[in-house]
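Engineer: Got a structure for you, questions after.
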Amino acid sequence: MSARNPGTVLDLEGLSKVTVNTQAVLKRAQHIQGLKVPKRQWQTAWLLKAVSCIDLTTLAGDDTPSNVHRLCVKAIQPVRYDLLKKMDMHDKGITTAAVCVYPSRVVDAVRSLKAANSSLPVASVATGFPAGQTPLETRLQEVHMAVRDGATEIDIVINRTLALTGQWEAMYSEIRQFREACGDTHMKTILATGDLGNFTNIYKASMVAMMAGSDFIKTSTGKEAVNATYPVAIVMVRAIRDYFLRTGHKVGFKPAGGIRTAQESLVWLTLIKEELGNDWLCPRLFRLGASSLLADIERQIYHYVTGQYAAYNELPMA
């Protein structure tokens with residue numbers, strides 16, 4: 001885990017000067033998508049890297065202790081043991097980066113992982129997820145409760161109203177309070193970029209979140225009409241790079257929502273490598289928020305090992 005981001009003083013004057021060149025962003029995103037991805041054993045190595053960066057997630061209204069337990073078991077052994085053994089990767093400790101659940105399910109996840117003698121982190125969404133429209137006091141209580149119950153990572157969501165109306169001081173203040181409520185717990189800030197209107201707002205929200213002490217910035221809740229997209233990612237990772245050049249502190253990046261295929265995960269890894277460099281290609285600084293992605297990655301690995309595609313009933317589900 002990266003050292004906690006101490007944050008900086010809010011730079012309102014700098015924010016007021018920000019403009020984002022939309023056409024340049026779209027062109028860069030198109031270029032990234034057009035790059036060749038690795039093939040054969042190199043592709044499989046990259047897919048295993050992607051697995052190690054997944055926050056394996058369940059955020060459904062019908063979550064129960066049993067499906068959270070199943071998620072945890074899958075996170076501990078994300079790829080079938082016999083497949084890993086054939087690649088001589090069975091003893092490399094490959095797990096997902098974390099499991100991510102609602103605050104009320106943190107206890108279930110902690111219990112399941114403890115029973116399996118696993119130190120895998122438990123991430124909890126909080127602060128009125130997904131809309132962020134509940135009173136501030138309630139949102140802060142939710143953070144305290146998730147930390148108390150054993151969450152070691154908190155995925156907070158911003159109040160989009162403040163970003164849309166340019167109330168950057170108020171947004172900074174709220175995130176600082178969430179940072180304090182998290183204590184030493186790792187804090188990821190969800191910008192819900194599909195709700196923010198334009199790239200300039202996304203860049204400003206990214207910078208405010210980092211200045212307020214976020215350890216990660218995350219694209220989406222997964223509940224918006226538009227979730228993680230490559231152009232939005234370009235804007236956010238450029239903000240991360242600018243923040244690093246200004247402060248020397250590395251903030252992580254997490255795309256989430258709608259990432260379902262192994263091929264997409266390769267594009268995301270390529271984007272990070274191209275924009276931020278190899279230092280960010282690790283769970284400490286890059287996460288993929290996903291629920292169904294792992295199943296497709298495991299199918300591709302199965303195909304690499306056996307030369308055949310597995311039926312879905314041959315691979316254990318999360």
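The values are calculated or read from the model by the stated rules, or taken from the named source; none is laboratory data. Quick caveat, the model's predicted, so the values are computed rather than measured. Glycine also receives a Cβ, built like all others from the backbone with ideal geometry; neighbour counts cover every protein chain displayed. Keep in mind that these areas ignore ligands, DNA and RNA; they rest on the heavy atoms of the full protein, side chains included. Shrake-Rupley method; radii C 1.70, N 1.55, O 1.52, S 1.80 Å.
Engineer: Filter region 191-210 down to the residues that are open to solvent by 20 Å² or more (accessible area, probe 1.4 Å) and in a loop (DSSP other than H, G, I, E, B), then identify the one that is nearest to V18 (Cα to Cα).
Structural biologist: N198
Engineer: Given the residues T134, T161, which is the only one that is assigned to a helix (DSSP H, G or I) and open to solvent by 30 Å² or more (accessible area, probe 1.4 Å)?
Structural biologist: T161
Engineer: Then there's this: Scan region 59-79 and give yes if some residue there is of a type in the set (S, T, N, Q), in contact with a helix residue (DSSP H, G or I) (Cβ under 6 Å, 6 or more places away or on another chain) and in contact (Cβ under 8 Å) with a residue 12 or more places away in the chain, otherwise no.
Structural biologist: The answer is no, given that none of the residues of region 59-79 is of a type in the set (S, T, N, Q), in contact with a helix residue (DSSP H, G or I) (Cβ under 6 Å, 6 or more places away or on another chain) and in contact (Cβ under 8 Å) with a residue 12 or more places away in the chain.
Engineer: Looking only at region 211-220, decide whether some residue is open to solvent by 10 Å² or more (accessible area, probe 1.4 Å), out of contact with any His (no Cβ under 9 Å at 6 or more places or on another chain) and either assigned to a loop (DSSP other than H, G, I, E, B) or without any contact (Cβ under 8 Å) to a residue 40 or more places away in the chain (or both).
Structural biologist: no
Engineer: Residues to consider are L288, L281; find the one that is farther than 22 Å from I156 by Cα, open to solvent by less than 40 Å² (accessible area, probe 1.4 Å) and not acidic (D, E).
Structural biologist: Residue meeting the stated conditions: L281.
Engineer: Looking only at residues that are of a type outside the set (D, E, K, R) and without any contact (Cβ under 8 Å) to a residue 40 or more places away in the chain in region 132-143, which one is farthest from T58 (Cα to Cα)?
Structural biologist: Step one: list which residues in region 132-143 are of a type outside the set (D, E, K, R), which gives 132-136, 138, 140-141, 143.
Checking the rest, the ones that are also without any contact (Cβ under 8 Å) to a residue 40 or more places away in the chain come to 133-135, 138, 141, 143.
Working: Q133: 21, T134: 22, P135: 25, T138: 22, Q141: 22, V143: 18 Å.
Filtering region 132-143 for residues that are of a type outside the set (D, E, K, R) and without any contact (Cβ under 8 Å) to a residue 40 or more places away in the chain, the one farthest from T58 (Cα to Cα) comes out as P135.
Engineer: Can you report the number of residues in region 104-131 which are open to solvent by less than 40 Å² (accessible area, probe 1.4 Å), part of a loop (DSSP other than H, G, I, E, B) and in contact with a strand residue (DSSP E or B) (Cβ under 8 Å, 6 or more places away or on another chain)?
Structural biologist: Step one: of region 104-131, the residues open to solvent by less than 40 Å² (accessible area, probe 1.4 Å) are 106, 108-109, 112-113, 118, 120-129.
Now drop any that are not part of a loop (DSSP other than H, G, I, E, B), which leaves 118, 120-121, 126-129.
Applying the additional criterion that residues be in contact with a strand residue (DSSP E or B) (Cβ under 8 Å, 6 or more places away or on another chain) yields 120-121, 126-129.
Count: 6.
Engineer: One residue is enough: does region 58-74 have a residue meeting the conditions of a type outside the set (F, W, Y), farther than 16 Å from V106 by Cα and in contact with a Leu (Cβ under 8 Å, 6 or more places away or on another chain)? Step through it out loud before you land on a result.
Structural biologist: Looking only at region 58-74, we keep the residues that are of a type outside the set (F, W, Y), and these are 58-74.
Going one step further and asking which of them are farther than 16 Å from V106 by Cα, we end up with 74.
In the following step, the residues that additionally are in contact with a Leu (Cβ under 8 Å, 6 or more places away or on another chain) were identified as 74.
Yes; the residues of region 58-74 include at least one that is of a type outside the set (F, W, Y), farther than 16 Å from V106 by Cα and in contact with a Leu (Cβ under 8 Å, 6 or more places away or on another chain).
Engineer: Got a number for residues in region 75-94 being within 19 Å of the chain's Cα centre (by Cα) and buried (at least 21 other Cβ atoms within 10 Å of the Cβ)? If you could, list the steps in order and put the result at the bottom.
Structural biologist: First, the residues of region 75-94 that are within 19 Å of the chain's Cα centre (by Cα): 75-76, 78, 94.
If we keep only those that are buried (at least 21 other Cβ atoms within 10 Å of the Cβ) as well, we get 75, 78.
Residues flagged as within 19 Å of the chain's Cα centre (by Cα) and buried (at least 21 other Cβ atoms within 10 Å of the Cβ) within region 75-94 amount to 2.
Engineer: Separate question: Taking only region 25-63 into account, find how many residues are farther than 30 Å from I202 by Cα, at pLDDT 95 or above and open to solvent by 50 Å² or more (accessible area, probe 1.4 Å).
Structural biologist: So the count comes out to 3.
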